[in-house]
Amino acid sequence: MPAFPAQYWLVGVDVGGTTVSTVLLDESLHAHGELTVDTDLSSADNTMLGIAHAIEATLALGGGARRLAAIGLGIPGQQDPANGIVRIAVNLHWYDYPLVARLTARFGVPCVIENDVRVATLGVYRFDNPAGDQDLAYISIGTGLATGVILEGKLLRGRHGLAGEFGHVIVDPDGPPCNCGARGCLETLVSATAVVRRAREALAAGAGGALVALSPLTARGVYEAAAAGDAAAQQIVDDVGTELARSLRSVVLAYDVDSVVLGGGVTRAGDRYLAPIIAEWRRQQATSALARAVLRPEILRIADPTRNLGAWGAAALAAELIEE
Ligand SMILES: [Zn+2]
């Protein structure tokens, strides 16, 4: 390993199917700039080049005071961090793509990749962790549902990089079909996509009220309708929260974490998002000493929506290359 100067830059990159977000951190993990650009999906190599240009523009935000030391990237899908290869990133059209080799050749510094939700989990642990918890789970809820777990201060990866993939745990074998090919996976029941499907089903069953007026029909709209007092929307919010509460119980029991952090667009409903989850935990507590011991509402919280935890976590991952 080359010797690093006392002062240097780290760049963290959160690569999404729509946008690429970056953050520039110094050696003390203080931020000196962030930017977001559109993802170039015109070809596999152009996607990489677009990211490289974003990294260069990010470095320019910091001026010439320091030299780049390492780059970390969070990428959706299945990653092979040991070999620096993106195995499957469907939305980015990358299959067995040697991203680390390409970026290392261009920037001449160590680069590291990891699954985007695991990187965001590291971001929560390092930058959105007021109690300094060493054991925590992060659940990202969007079009799908994915989780990351930190145990004893270490990101849990597992043999295939799938540790904590609760989104595809089968909850209802007769439930809706899932993108993974199974039926009734957790994400088909509680993701933002599931909220929209539930609303469609409620409308088809004759629900009136605010849902009828939602165009387009979005998860956010359903949560807003519930907040405004719409009964059908509230039923959906309650059903989703109850289902999620049962699965979060499994997460807590599987990993014995100090905190469970929820992130993603729907969680911006804040306390209203947490309320039905906590209500179900309290129902379980009424008859169970185990539930009273482990399902404490104070371990649940919403991730800081103002910080791009994916990009920050990726920069923290880059820092680990240097700290090692
Ligand atoms: Zn599935």
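The values are calculated or read from the model by the stated rules, or taken from the named source; none is laboratory data. None of these values were measured; they are calculated from a predicted model. When we count neighbours, we look across all protein chains shown, and the Cβ atoms used for this are built from the backbone with ideal geometry, even at glycine. Accessible surface areas use protein heavy atoms only, side chains included; no ligands, DNA or RNA. Shrake-Rupley method; radii C 1.70, N 1.55, O 1.52, S 1.80 Å.
To the nearest 10 square angstrom, what accessible area does CYS180 show with a 1.4 Å probe?
So the heavy atoms of CYS180 present about 70 Å² to solvent.
For the chain, report the % of Cα-Cα distances exceeding 25 Å.
53 percent
If Lys and Arg each add +1 and Asp and Glu each add -1, what is the summed charge of the other residues whose beta carbon sits under 15 Å from the beta carbon of VAL124?
Around VAL124, the surrounding residues sum to -3.
Could you give me the percent of Cα pairs per 10 Å distance bin for region 109-215, shortest bin first, beginning at zero and ending with the bin that holds the maximum distance?
Pairs per bin, as whole percents: 14, 33, 28, 17, 7, 1.
Can you list residues whose amide H is under 5 Å from GLY16's amide H, if they're 5+ apart or on another chain and H is modeled 1.01 Å from N?
Amide H neighbours of GLY16, under 5 Å, 5+ apart: SER21.
What's the local net charge at THR188, with K and R +1, D and E -1, over the other residues with C-beta under 15 Å away? Numbers along the way, then the final one.
Working: positive: ARG183, ARG197, ARG198, ARG200, ARG246; negative: GLU165, ASP172, ASP174, GLU187, GLU201, ASP239, GLU243.
Summing Lys/Arg as +1 and Asp/Glu as -1 gives -2.
Just need the Rg to Rh number for region 163-241, please, alpha carbons only, Kirkwood Rh.
Working: Rg = 13.1 Å, Rh = 12.9 Å.
A ratio of 1.02.
Compute the angle between helix 231-255 and the longest alpha-carbon principal axis of the chain, please, reported from 0 to 90 degrees and rounded to the nearest 10.
Approximately 60 degrees, to the nearest 10.
Under the Karplus relation 6.51 cos²θ - 1.76 cosθ + 1.60, θ = phi - 60°, what is the ordered set of whole-Hz ³J(HN,Hα) values for region 277-293, x standing for Gly and Pro?
Once rounded to whole Hz, the list reads 5, 5, 4, 5, 4, 5, 4, 5, 5, 4, 10, 9, 5, 4, 4, 5, 6.
Quick one: give the max-minus-min coordinate of the C-alpha atoms of region 86-168 along each principal axis, largest first, in Å.
So the extents along the principal axes, rounded to whole Å, are 40, 30, 24.
With a cut-off of 8 Å between alpha carbons and a minimum separation of six or more residues, what is the relative contact order of region 141-302 in percent?
Normalised by residue count, the contact order of region 141-302 is 18 percent.
Calculate how many DSSP beta bridges within the chain are antiparallel, expressed in % of all such bridges and rounded to the nearest 5.
Of all bridge pairs located within the chain, approximately 60 percent are antiparallel.
What value does region 141-302 have for Rg/Rh, both radii from Cα atoms and Rh as Kirkwood defines it?
That ratio equals 0.98.
On a 0 to 90° scale, report how tilted helix 116-127 is relative to the longest principal axis of the chain, with both axes built from alpha carbons and the result rounded to the nearest 10.
80 degrees
Can you give me the convex hull volume of the Cα atoms of region 28-181, divided per residue and expressed in Å³?
Measuring per residue, one finds 145 Å³ for the Cα hull of region 28-181.
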